[in-house]
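Report on one structure; see the data block that follows.
What follows is calculated from the coordinates using simple rules that are stated; it is not laboratory data. For clarity, every value in this text was computed on a predicted model and none was experimentally measured. In this analysis, Cβ positions are derived from the backbone assuming ideal geometry, glycine residues included, and neighbour counts consider all displayed protein chains.
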Amino acid sequence: MALIEIRQMEPTFGKEERKAVQEYMLSGAWCTEHVKTRSLGKDIEAYTGAKHCVMMPNGTLTLYAALAVLGIGPGDQVLVPAFTQVATANVVRMVGAHPVFVDVEPGTLCMDLEEADRAAQGPYMRAMMYVPINGRAGNMEEVIRFCAERNLWLIEDAAQALGSFQDGKHLGTFGDLGSISFSTPKIISTGQGGCLLTDSDRLYEELLLFKNFGRTENFQQDEYAFFGINLKFSDLLAVIGIEQMKKLPWRVARKKEMFVRYQERLDSVDSIDFLPTDLRETAPWYMDVLVEGREGLIEALKKEGIQTRSFYPVIPHSAPYAQEYPQRVPVAENASKHGLWLPSSPYLRNEDIDYVCDVITRHYRS
Ligand SMILES: *Cc1c(COP(=O)(O)O)cnc(C)c1O
């Protein structure tokens, strides 16, 4: 078997990040959260248009913090899409609440509001986790209205949506709180990292307390005005993030260009489908397709040194939830079964993309 030569994703740090880390380390670094973290937060506010950005250690603990400051806990229910990264559901369990899984729409793979309406009955429903999958979202005005009419908090798990907009407004800024992840494969990264976006001054103040032990400071004398834990970021990672943010506009453009290239070159392959994608506003983080005969294609690509990754499994049917959620979620099931992420590094060369497309085309011709 050939060595993997074209990876599905690869680290995207360069000499700018190396230089920034070195300069920071030479500056008498404390390495904990301080002015560099605040500076990265400001860059993210400027890019997304959010009033406030609160940096945290990753895009899972952001979601946990969101639920915690909204007071969601034991006995409460939260709407969660059946197709998502598992963190979206696990944080609901983490605060002691119940995820209520909802099937997704075939066009966007985001939560289906008609299905959500059926699931949202009852007095214990408190919030919706809306996940813009790969930068695509349903109509966010309708999502906001849905939540407002039912008195639900709206948390957007926009982990995969940095660089994606709807009607000129950045995804992750429609809800009460929006979360973004900076884990290694995301469009920009600090290795580990995440942030919450909000326009609410009150939630912002509470999040600042929550991520710092609930401490109303005064360096000499701690006082705990609020329940909190430690969710501080590190300035060592923030200096990497500041460099990555400078590269974001280029990466957004590159991802769109790559998506077009894949689409054009695979247009004649009937067994490969692309989701409708408005590239004026959507920056597909991963090059995602739905394929017939996925396992055969994965093997054929692997033989040529090309790595791919299958879509997430259906979360309610995964071991942590399957006991409680035997019900069918046909759209999520179909996506999980047929979805494939093709090589997506922004640093792939066009020749590499063309090679991947040639191997796919040949596989389906034979
Ligand atoms: C990546 C991701 C997360 C988790 O973020 P981490 O920073 O890895 O904790 C959560 N939700 C979605 C939709 C993601 O894509």
Amide H partners (placed H, <5 Å) of GLY191, local residues excluded: THR184
Grab the other residues whose beta carbon is less than 12 angstrom from that of TYR347, score K and R as +1, D and E as -1, and report the net. +4
Which percent, nearest 5, of DSSP beta bridges in segment 85-189 are antiparallel? 30 percent
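Quick check on the chain: take the gyration tensor over C-alpha atoms, sort the square-rooted eigenvalues as a ≥ b ≥ c, and tell me if it's rounded (a/c under 1.5), prolate or oblate.
Since a/c reaches 1.5 but b/c is at least a/b, the shape of the chain is classed as oblate.
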Order of THR277, THR37 - criterion: other Cβ atoms within 10 Å of each residue's Cβ, fewest first: THR277, THR37
Under DSSP H, which helices of the chain have Cα atoms covering 24 Å or more of the helix axis and a Kyte-Doolittle average no less than -1.0? 235-266
Need one number: nm distance between label points at GLU299 and ALA253, each 7 Å from Cα along Cα→Cβ, rounded to one decimal. 4.3 nm
Checking the cross-link filter: which lysines have an alpha carbon closer than 25 Å to that of LYS169, excluding same-chain neighbours under 8 positions apart? LYS42, LYS51, LYS186, LYS246, LYS247, LYS255, LYS256
Distance from a point 7 Å along Cα→Cβ of ASP117 to each backbone N in segment 60-91: keep the residues under 20 Å and list them by number. 78-82
Please identify which residues in segment 103-121 have an amide N closer than 16 Å to a label point set 7 Å out from the Cα of SER318, following the Cα→Cβ vector. 103-104
Hey, for a label at GLU333 modelled as a point 7 Å past Cα toward Cβ, could you say which residues of segment 256-297 have their backbone N under 20 Å away? 290-295
Cα gyration tensor category, rounded, prolate or oblate, for segment 81-159 with a/c compared to 1.5: oblate
Part-to-part distance (alpha-carbon centres) for segment 141-168 and segment 88-131, which is given in Å: 13 Å
How do ILE187, ILE44, ILE242 line up, fewest other C-beta atoms within 10 Å first? ILE242, ILE44, ILE187
Any chance you could run the full-extension gain for GLU23 through MET94? It's 0.36 nm times the residue separation minus the Cα-Cα distance, nm to one decimal. 21.7 nm
Per the charge dipole of the chain (beta-carbon charges, Lys/Arg positive, Asp/Glu negative, Cα centre), the residue among ALA253, ALA89, MET9 reaching farthest to the positive end is MET9
What is the extension gain from GLU292 to PHE274, computed as 0.36 nm multiplied by their sequence separation minus the C-alpha to C-alpha distance, in nm to one decimal? 5.3 nm
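Counting DSSP beta bridges with both partners in the chain, what percentage is antiparallel, nearest 5?
On the way: 22 of 39 bridges.
Approximately 55 percent, going by the DSSP bridge assignments.
If you take the square roots of the eigenvalues of the alpha-carbon gyration tensor of segment 159-200 and sort them as a ≥ b ≥ c, do you get rounded (a/c under 1.5), prolate (a/b over b/c) or oblate?
It comes out oblate by the Cα gyration axes.
Relative contact order for the chain: what is it in percent, counting Cα pairs under 8 Å that are at least 6 residues apart?
23 percent
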